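Below: one structure, written as structure tokens.
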Amino acid sequence: MNHSRSNAGAPPEPDLPPYRVVLSETDWGSLQTAFGDGQDLPKVLTRLLEPDPKVQVSALSELGEMVGHQNSIYEATAPVAMYVAGILAHPAATTPRPYRNVPIRAALLNWLASTAYDASDEIVGRTEQYFPGFLAPGTIVASFRDLRPMLYRAVSPFLRDSHEDVREAAVIAALILAEHPALTVHRDHLAVHARAILDTIGDDPNRRVAQKALEAWGHDVPDAEPFLEEFWDWGPHSDGRSYREPPF
């Protein structure tokens, strides 16, 4: 079920362009990455659709370095995120990850969640204290944040996925993306999912996302427990839970 259409009177979120269109119509060579231009990105993105899960995981790890190095947003980050979101429903996303019977879809959603967090209110608010104008209209980060309703539209069908890991990853991504004002209408619905995260024994970073979202949206969070780590240490570029699996 696509919950982006489930709120009467709310305008639907815009659709993502098809992933093939993103791949073919983006001028990758003109976009900045952490290590130069993005001319090699199409080859890396295409590997996400390979039948070999080791190739898929390796490609996702490489993307994390190219467009998310040091938890930063680059010019190429936005179209890469659009491509990743666009293949969530692709049959290749159901391939089991190496060493775990978990669909690659969960890894794709985790990548989107942690990339979105790099442009979240918490992170950019902290950065703005030291770099005024960081979020000025037209900046790389501001442009990426404008994509949040579109990315949410791609993520929301998996909020009730039958696989627990996919479902949790979708909820975390959706909670971060729902900071966008246009997604306010979905917050009460997402609060139910956030409480489900808090009611389970899961990753501390994911629980922190759920708690912070509920607090920001004015919901009571009884008996909140302290967290073992700061959330900004979590992400696809950290050593914590992410899409990476040994021996990658």
Please determine, by comparing only the residues of the stretch 1-16 that are open to solvent by less than 40 Å² (accessible area, probe 1.4 Å) and assigned to a loop (DSSP other than H, G, I, E, B), which one is modelled with the highest pLDDT. Leu16
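Looking at Ser72, Ser61 in this structure, which one is farther than 21 Å from Leu177 by Cα and within 16 Å of the chain's Cα centre (by Cα)?
Just a single option satisfies the conditions, and that option is Ser61.
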Can you find a residue in the stretch 161-178 that is closer than 25 Å to Ala93 by Cβ, over 15 Å from the mean Cα position of the chain (by Cα), of a type in the set (D, E, K, R) and exposed (fewer than 15 other Cβ atoms within 10 Å of the Cβ)? yes
Hey, can you tell me all the residues within the stretch 150-167 that are free of Cβ contacts under 8 Å to residues at least 60 places away in the same chain and of a type outside the set (Gly, Ala, Ser)? Asp161, Glu164, Arg167
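Okay, residues lined up against (1) assigned to a helix (DSSP H, G or I); (2) surrounded by 15 or more Cβ atoms within 10 Å (Cβ to Cβ); (3) at pLDDT 90 or above:
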{"site": "Thr184", "(1), (2), (3)": "yes, no, yes"}
{"site": "His189", "(1), (2), (3)": "yes, yes, yes"}
{"site": "His193", "(1), (2), (3)": "yes, yes, yes"}
{"site": "Gly202", "(1), (2), (3)": "no, yes, no"}
{"site": "Arg208", "(1), (2), (3)": "yes, yes, yes"}
{"site": "Glu215", "(1), (2), (3)": "yes, no, yes"}
{"site": "Pro222", "(1), (2), (3)": "no, no, no"}
{"site": "Gly235", "(1), (2), (3)": "no, yes, no"}
Confirm whether Ser143 is of a type in the set (Ser, Thr, Tyr) and open to solvent by 10 Å² or more (accessible area, probe 1.4 Å). yes
Could you please find all residues in the stretch 96-113 being at pLDDT below 95 and of a type in the set (S, T, N, Q)? Asn101
Could you give me the residue pairs with C-beta distances under 6 Å whose first residue belongs to the stretch 179-207 and is within 17 Å of Asp121 (Cα to Cα), whose second residue is at pLDDT 95 or above and among the β-branched types (Val, Ile, Thr) wherever it lies, and which are 6+ apart or on separate chains? Asn206/Ile172
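The values are calculated or read from the model by the stated rules, or taken from the named source; none is laboratory data. The shown structure was predicted, so the numbers you read here are calculated from the model rather than taken from an experiment. Positions of Cβ are backbone-derived with ideal geometry, glycine not excepted, and every protein chain shown enters the neighbour counts. The protein model used for the area step is the full one, side chains on, heavy atoms only, and it has no ligands, DNA or RNA in it. Shrake-Rupley method; radii C 1.70, N 1.55, O 1.52, S 1.80 Å.
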